[in-house]
Amino acid sequence: EEGLAGRSSSLRMIPAYVGTPTGEEKGKFFFIDAGGSNLRVGGVELDGNREYSMLGETEEANFKKEHKIGTSEELFDFIAGTIQKYIDKNRGFIDEDKLLEFGFTWSFPAEQTGIASETHIKWVKGWETKGVVGKDPVELLNASLAKIGLTNVRINAICNDTPGTKAVGDYLYSNCSGAAIL
């Protein structure tokens with residue numbers, strides 16, 4: 001309660017714009033998970049009844065030292081390139097003529113200003129990438145996506161990985177009461 005109210009707390013907490021899935025959602029959804037050391041891009045088809053299937057094979061990559069100390073352009077070009085690899089590898093599961101809407105988990109402190117926008121507050125986990133603090137990771141990624149011609153990709157949601165994990169728990173289990181990233 002103290003952390004969410006913006007007061008001093010042993011837990012750092014920033015409010016997020018993440019709804020609570022019911023487990024009955026249906027459709028194809030794509031994701032980008034940018035963690036402290038790994039990047040994952042993939043897709044799922046939610047079948048309702050708390051069931052899902054993967055859309056092809058998830059593209060995974062490790063962030064290298066140059067991503068952690070380089071420039072925002074280098075970092076987001078790498079993420080955009082990984083999205084392109086996922087799409088190229090999984091053409092049979094993806095209708096490229098349609099808009100591909102992605103959710104984006106960003107595992108760093110950020111103040112969320114809307115469902116698809118936030119301001120990166122500071123680096124943690126040994127990261128020092130230049131040109132990201134004070135900026136919106138969605139805008140930086142959109143610029144890199146445009147550079148490589150991925151005009152059919154849109155980031156329609158962003159959140160920290162903990163509320164993203166909670167949303168997955170809400171979809172899969174009717175009694176999920178929390179989530180943690182360790």
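Please determine, by comparing only the residues of region 16-36 that are open to solvent by 50 Å² or more (accessible area, probe 1.4 Å) and under 16 Å from Ile115 (Cβ atoms), which one is nearest to the chain's Cα centre (by Cα).
Initial filter on region 16-36 (open to solvent by 50 Å² or more (accessible area, probe 1.4 Å)): 17-20, 22, 24-26, 28-29, 31.
When the remaining residues are screened for being under 16 Å from Ile115 (Cβ atoms), the result is 17-20, 25, 29, 31.
Working: Tyr17: 13, Val18: 12, Gly19: 15, Thr20: 17, Glu25: 19, Phe29: 12, Phe31: 6 Å.
Top of the filtered list is Phe31.
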Leu46 passes all but one of (1) on the phi > 0 side of the Ramachandran plot; (2) touching a Lys or Arg at 6+ places or on another chain (Cβ under 7 Å); which number fails?
(1)
Can you tell me which condition Glu60 does not meet? The list is (1) open to solvent by 80 Å² or more (accessible area, probe 1.4 Å); (2) within 15 Å of the chain's Cα centre (by Cα); (3) touching a residue at least 60 places away in the same chain (Cβ under 8 Å), and all the others hold.
(3)
So which residues in region 1-15 are surrounded by 11 or more Cβ atoms within 10 Å (Cβ to Cβ), in contact with a Pro (Cβ under 9 Å, 6 or more places away or on another chain) and modelled with pLDDT under 75, if there are any at all?
Leu4
Could you give me the residue pairs with C-beta distances under 6 Å whose first residue belongs to region 3-18 and is over 15 Å from Ala179 (Cα atoms), whose second residue is surrounded by fewer than 10 Cβ atoms within 10 Å (Cβ to Cβ) wherever it lies, and which are 6+ apart or on separate chains?
Gly3/Leu11
Quick one: in region 37-57, of everything that is touching an Asp or Glu at 6+ places or on another chain (Cβ under 9 Å) and outside any strand (DSSP E or B), which residue is most open to solvent (accessible area, probe 1.4 Å)?
Asn49
Restricting the search to region 166-181, which residues are open to solvent by 60 Å² or more (accessible area, probe 1.4 Å) and either of a type in the set (Gly, Ala, Ser) or within 15 Å of Thr105 (Cα to Cα) (or both)?
Val168, Ser174, Ser177, Ala180, Ile181
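Per-residue answers, yes or no, for (1) in contact with a Phe, Trp or Tyr (Cβ under 7 Å, 6 or more places away or on another chain); (2) over 26 Å from Thr20 (Cβ atoms); (3) hydrophobic (A, V, I, L, M, F, W, C):
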| position | (1), (2), (3) |
| --- | --- |
| Tyr52 | no, no, no |
| Tyr86 | no, yes, no |
| Phe104 | no, no, yes |
| Ile121 | no, no, yes |
| Leu145 | no, yes, yes |
| Ile148 | no, yes, yes |
Exception for Glu66 within (1) in contact (Cβ under 8 Å) with a residue 40 or more places away in the chain; (2) assigned to a helix (DSSP H, G or I); (3) not polar (S, T, N, Q) falls at (1)
Given the conditions (1) assigned to a loop (DSSP other than H, G, I, E, B); (2) touching a Phe, Trp or Tyr at 6+ places or on another chain (Cβ under 7 Å), report the number of the one that Ser8 does not fulfil.
(2)
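Taking the options Asp95, Asp77, Asp88, name whichever one is open to solvent by 50 Å² or more (accessible area, probe 1.4 Å) and in a loop (DSSP other than H, G, I, E, B).
Working: Asp77 fails: in a loop (DSSP other than H, G, I, E, B); Asp88 fails: in a loop (DSSP other than H, G, I, E, B).
Asp95 is the lone residue from the list that is open to solvent by 50 Å² or more (accessible area, probe 1.4 Å) and in a loop (DSSP other than H, G, I, E, B).
The values are calculated or read from the model by the stated rules, or taken from the named source; none is laboratory data. All values derive from a computational prediction rather than experimental measurement. When we count neighbours, we look across all protein chains shown, and the Cβ atoms used for this are built from the backbone with ideal geometry, even at glycine. For accessibility, only protein heavy atoms count, side chains too; no ligands or nucleic acids. Shrake-Rupley method; radii C 1.70, N 1.55, O 1.52, S 1.80 Å.
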